[in-house]
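Take a look at this one; I'll ask things after.
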Ligand code: CP
Ligand code: NVA
């Protein structure tokens, strides 16, 4: 399957076969890593730029390390250190960076910015999180579910918390392509992106996936294979904190809720706000796979870079 030169802005731009291929290549990258195989010949001499407008631990480090493991190098470019901060346009920034580097990972406050970079870049642009979505997170998460549960089709994933979350939007796009049943437990006013949901419902007709909504977290998690949550207050939403905490406090993932999901693994994209959306007992407990989940970002992003960067 040839994906060289493609941007990765949204998983809705990718077919079910392409998403499955990236996830399976991620597992293969992990296997090769632990077998001690050398993969530095995959992207020798390439350079990947990371243009980040928001903080990051996992995405930044896992992409930088992924590049090195593949034989490429990386450049971390904080937004405010670029001429972007002085008003140079995203279009001109993309045109310039394309003359130096072989791929761009961008983390932006507003989604249109990553779209704009891709429009004017002649090298692949990868969305490393926007206010709308986080596709590389969802790819790593599907890889983790496949690794832990041995399959994706027919898996029941309960997302408990902010139904308007950027990570949830990408999980819905990925899950719908892979036959995963998603049940979202959230207050009714917090809903996923309409366009992504519409696309997912369309794709789900073929894959056998389903997407359901409830306001009852217990109903969502009973019988679940995966219980997933994310922070209640995403980066950039600080002004909404009081309102979101008020709405979401009945949706904490704690031991009592996990009792209703005895066979489930617990997942969180991290960073967690311990004591808010999840308790210490759950994130540090026997059902939690969050550290393997964080590790898998590295392997799936090696797959993304190896497949997309020319
Ligand atoms: N999950 C995730 O993307 O984490 P960072 O914000 O640390 O990159
Ligand atoms: N929803 C979170 C995800 C962080 C990886 C945020 O956008 O802050």
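What follows is calculated from the coordinates using simple rules that are stated; it is not laboratory data. Predicted model only: the values in this text are computed from it and were never measured. Cβ: placed from backbone, ideal geometry, glycine included. Neighbour counts: every protein chain shown.
For residue 261, only one of the following conditions fails: (1) within 13 Å of ligand 2 (Cβ to nearest atom); (2) touching a residue at least 40 places away in the same chain (Cβ under 8 Å). What is its number?
The failed condition is (1).
Now for a separate question. Among all residue pairs at least 6 apart or on different chains, which show Cβ distances below 8 Å where the first residue, located in the stretch 2-28, is farther than 25 Å from residue 113 by Cα and the second is surrounded by fewer than 16 Cβ atoms within 10 Å (Cβ to Cβ)?
16/206; 17/1; 21/1
Residue-wise test of (1) within 16 Å of ligand 1 (Cβ to nearest atom); (2) touching a helix residue (DSSP H, G or I) at 6+ places or on another chain (Cβ under 9 Å).
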position	(1), (2)
4	no, yes
33	no, yes
64	yes, no
73	no, yes
111	yes, yes
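Against the condition within 16 Å of ligand 1 (Cβ to nearest atom) and either in contact (Cβ under 8 Å) with a residue 60 or more places away in the chain or assigned to a helix (DSSP H, G or I) (or both), how does residue 298 come out, does it pass?
yes
Oh, and also: All but one of (1) buried (at least 22 other Cβ atoms within 10 Å of the Cβ); (2) closer than 17 Å to residue 135 by Cα; (3) in contact (Cβ under 8 Å) with a residue 40 or more places away in the chain hold for residue 176; state the number of the condition that does not hold.
(3)
Now a separate question. Inspect all residues belonging to the stretch 46-67 and state whether any of them is away from ligand 2 (no atom under 16 Å from the Cβ) and farther than 19 Å from residue 136 by Cβ. Before the answer, list the steps.
From the stretch 46-67, those away from ligand 2 (no atom under 16 Å from the Cβ) are 46-49, 51, 64-67; that's our starting set.
Now drop any that are not farther than 19 Å from residue 136 by Cβ, which leaves none.
There is no residue in the stretch 46-67 that is away from ligand 2 (no atom under 16 Å from the Cβ) and farther than 19 Å from residue 136 by Cβ.
Restrict the check to the stretch 84-105 and report whether at least one residue is under 16 Å from the mean Cα position of the chain (by Cα) and under 23 Å from residue 166 (Cα atoms).
yes
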